[in-house]
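Visitor: The structure under discussion is supplied below as structure tokens; questions concerning it will follow.
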Amino acid sequence: MPPTFDNRKIMVIYVLGGPGAGKGTQCGRLVEDFGFCHLSAGDLLRAEQNREGSNYGDLIRTCIREGNIVPMEVTVKLLQNAMEATLKEGRPGDGWANGKGRFLVDGFPRKMDQALKFDEEVCLASMVVFFQTTEEVMLKRLLKRGETSGREDDNVESIKKRFHTYKDQTMPVIHYYAKQGKVAEIDSTASVEVVHKEASTLVKKLFAAQGTPA
Ligand code: ADP
Ligand code: AMP
């Protein structure tokens, strides 16, 4: 069976990096530049956790607090449903005309099993944008974010667990795509503006390589 979405029409860019590296912030900026639909795996999971009648609320809550990976069946399905809903709804702009679409899939895939499943069954991703900085920088950003985010995992104990999961489970995913020449690494230690410039240039290059108008 081919994937649900044809990657010649639907562009998927995975956005990876450690917790607090700046993925969500930069995705927001790339949405403004290129009209992407930004799907954050973490946001979708938090919404599902809080959805009345969800069978997965407790499972997701525990995984998030412990910094663990939520089982792929749940995460991949949520992403696929969100893509289907977005395409059904439609969006303005050339990137969404004639059955086309462009998605930034943020915080995904965080583990090899979800990478393989999504590429094979949902949509083959074009590239991985990898935001890289030190744990020291990420910790500082997350603790600052924790002052207002209300997130149960923006505390030192959960953050340490998230760093461990990232190194253990997510770095192998980045290495896997790097071997395929699909990873573009960006140092996200600099200011939001500087990082954004680099990310935007990179996406423009991808569009040019694919013959897609930005
Ligand atoms: P992620 O999605 O990777 O977990 P966020 O985009 O939520 O990270 O960023 C984590 C925190 O750091 C947020 O409070 C954000 O405002 C801040 N932040 C993001 N990028 C930068 C940057 N380049 N410089 C300083 N702070 C940043
Ligand atoms: P984030 O919002 O990206 O910081 O993610 C917060 C938490 O949600 C993570 O620590 C995981 O527990 C869970 N999560 C986010 N993305 C995924 C994913 N791709 N697969 C499984 N769990 C995820």
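Visitor: I'd like the full set of residues that are within 21 Å of residue 141 (Cβ to Cβ), among the charged types (D, E, K, R) and out of contact with any helix residue (DSSP H, G or I) (no Cβ under 8 Å at 6 or more places or on another chain), limited to region 172-191.
Guide: Correct list: 185 only.
Visitor: Moving to a separate point now. Name the residue that is surrounded by the fewest Cβ atoms within 10 Å (Cβ to Cβ), counting only residues in region 113-154 that are within 17 Å of residue 183 (Cβ to Cβ), out of contact with any Leu (no Cβ under 7 Å at 6 or more places or on another chain) and not hydrophobic (A, V, I, L, M, F, W, C).
Guide: 132
Visitor: Pick out, from region 16-108, the helices (runs of 4 or more DSSP H) lying fully within it that include 2 or more residues that are charged (D, E, K, R) and within 16 Å of ligand 1 (Cβ to nearest atom).
Guide: Filter on region 16-108 gives 23-34, 41-50.
Visitor: Any residue at all in region 161-177 that is of a type in the set (A, V, I, L, M, F, W, C), in contact with a His (Cβ under 9 Å, 6 or more places away or on another chain) and closer than 26 Å to residue 70 by Cβ?
Guide: Among the residues of region 161-177, not one is of a type in the set (A, V, I, L, M, F, W, C), in contact with a His (Cβ under 9 Å, 6 or more places away or on another chain) and closer than 26 Å to residue 70 by Cβ, which makes the answer no.
Visitor: Also: So residue 11 passes all but one of these: (1) surrounded by 19 or more Cβ atoms within 10 Å (Cβ to Cβ); (2) within 16 Å of ligand 2 (Cβ to nearest atom). Which condition number does it fail?
Guide: (2)
Visitor: May I ask you to verify whether residue 39 is within 16 Å of ligand 2 (Cβ to nearest atom) and without any contact (Cβ under 8 Å) to a residue 40 or more places away in the chain?
Guide: No; evaluated as a whole, the condition is false for this residue.
Visitor: Inspect all residues belonging to region 40-50 and state whether any of them is at pLDDT 95 or above and in contact with a strand residue (DSSP E or B) (Cβ under 6 Å, 6 or more places away or on another chain).
Guide: yes
Visitor: Which of the residues that make up region 198-214 are over 21 Å from residue 100 (Cβ atoms) and surrounded by 13 or more Cβ atoms within 10 Å (Cβ to Cβ)?
Guide: Of everything in region 198-214, those that are over 21 Å from residue 100 (Cβ atoms) and surrounded by 13 or more Cβ atoms within 10 Å (Cβ to Cβ) turn out to be 198, 199.
Visitor: Between 151, 141, which is within 12 Å of ligand 2 (Cβ to nearest atom), part of a helix (DSSP H, G or I) and at pLDDT 95 or above?
Guide: After applying the criteria, what remains is 141.
Visitor: Within 16 Å of ligand 2 (Cβ to nearest atom), of a type outside the set (A, V, I, L, M) and modelled with pLDDT of 95 or more - does that describe any residue in region 190-208?
Guide: no
Visitor: Residue 152 - would you say it is without any contact (Cβ under 8 Å) to a residue 24 or more places away in the chain and among the charged types (D, E, K, R)?
Guide: For residue 152, the condition - without any contact (Cβ under 8 Å) to a residue 24 or more places away in the chain and among the charged types (D, E, K, R) - is not met.
Visitor: Moving to a separate point now. List every residue pair whose Cβ atoms sit under 8 Å apart, with the two residues 6 or more apart in sequence or on different chains, where the first one lies in region 43-70 and is in contact (Cβ under 8 Å) with a residue 24 or more places away in the chain and closer than 24 Å to residue 112 by Cα and the second, anywhere, is exposed (fewer than 14 other Cβ atoms within 10 Å of the Cβ) and among the acidic types (Asp, Glu).
Guide: 61/152; 64/152; 65/152
Visitor: Can I ask one more? So which residues in region 166-189 are within 13 Å of ligand 1 (Cβ to nearest atom) and either modelled with pLDDT under 95 or in a helix (DSSP H, G or I) (or both)?
Guide: Within region 166-189, 166, 170 meet the criteria.
Visitor: List pairs: first residue in region 71-95 and within 12 Å of residue 10 (Cβ to Cβ), second residue outside any helix (DSSP H, G or I) and among the β-branched types (Val, Ile, Thr) anywhere in the structure, Cβ distance under 7 angstrom, at least six positions apart or on different chains.
Guide: Note: pairs meeting the criteria are 80/4.
The values are calculated or read from the model by the stated rules, or taken from the named source; none is laboratory data. What you are looking at is a predicted structure, and each value in this text was computed from that prediction instead of being measured. Here the Cβ is made from the backbone with ideal geometry for all residues, glycine too, and neighbour counts use every protein chain on show.
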